[in-house]
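Q: First the structure, then my questions, so here it is.
The values are calculated or read from the model by the stated rules, or taken from the named source; none is laboratory data. None of these values were measured; they are calculated from a predicted model. All Cβ positions, even for glycine, are placed from backbone atoms using ideal geometry, and neighbour counts span all protein chains on display. For the accessible areas, the whole protein counts, side chains as well, though only heavy atoms, and no ligand, DNA or RNA atoms are used. Shrake-Rupley method; radii C 1.70, N 1.55, O 1.52, S 1.80 Å.
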Amino acid sequence: MAIRCPQPPTTMITLKVNGVQYEIPVEPRKLLSDFLREDLGLTGTHIGCEHGACGACTIIMDGRTVRSCLTFAVQAGGAEIITIEGLAKDESLNPVQEAFNEAHGLQCGFCTPGMVITSVELLNRNPNPTDEEIRVAISGNICRCTGYKGIVDAIKLAGEKLREQEG
């Protein structure tokens, strides 16, 4: 006689991710980071420490940065989420992504999605931050490769690009 293992219960959630509306069942215990990567195939959201300390899993949820490794997917029901994949438009990089490339704000790239997302939220609030304001904003994101100078320079350049766009 075969033993039947019960399927874990699921909860139906509706949310918008990178402009696409989803209605999808999720296990109540599934982390948002795992949901984005496994269920939606959005692997740009990296999983580092799984304790919210490194910032690699940072996304924007309803206009604010969130550590997706500390958030259950069911908590995102009704939310609007932007991941690193949602920043580029029409195959053109977002100005923040361009600036990280141009100012050498990345090396291995593991922290980059979280850094870029954090920078987008910062520049939405403050389009012309000082070096100190930038350092405070990214203080929850760990990069093990750089001395942060390229990252700070990239964020300043991104601010310039965004201000030029607004004209």
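Q: Anything in segment 127-147 that is without any contact (Cβ under 8 Å) to a residue 12 or more places away in the chain and either polar (S, T, N, Q) or within 16 Å of Gly55 (Cα to Cα) (or both)? List them, or say none.
A: Residues satisfying the conditions are Thr130, Val136, Ser139.
Q: Right, another one. All but one of (1) under 18 Å from the mean Cα position of the chain (by Cα); (2) open to solvent by 40 Å² or more (accessible area, probe 1.4 Å) hold for Cys145; state the number of the condition that does not hold.
A: Going through (1) under 18 Å from the mean Cα position of the chain (by Cα); (2) open to solvent by 40 Å² or more (accessible area, probe 1.4 Å) one by one, Cys145 breaks only (1).
Q: Of all residues in segment 1-48, which are free of Cβ contacts under 8 Å to residues at least 24 places away in the same chain, under 24 Å from Thr112 (Cβ atoms) and assigned to a loop (DSSP other than H, G, I, E, B)?
A: Leu40, Gly41, Thr43, Ile47
Q: Quick check on Val152: is it open to solvent by less than 30 Å² (accessible area, probe 1.4 Å) and closer than 22 Å to Asn18 by Cβ?
A: no
Q: What number goes with the only condition from (1) more than 17 Å from Ser119 (Cβ to Cβ); (2) crowded, with 20+ Cβ neighbours inside 10 Å; (3) within 13 Å of the chain's Cα centre (by Cα) that Ile59 does not pass?
A: Ile59 satisfies every listed condition except (1).
Residue by residue, here is whether (1) open to solvent by 40 Å² or more (accessible area, probe 1.4 Å); (2) within 25 Å of Ile142 (Cβ to Cβ) holds:
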site: Leu15; (1), (2): no, no
site: Val26; (1), (2): no, no
site: Gly44; (1), (2): no, yes
site: Gly52; (1), (2): no, yes
site: Leu70; (1), (2): yes, yes
site: Gly78; (1), (2): yes, no
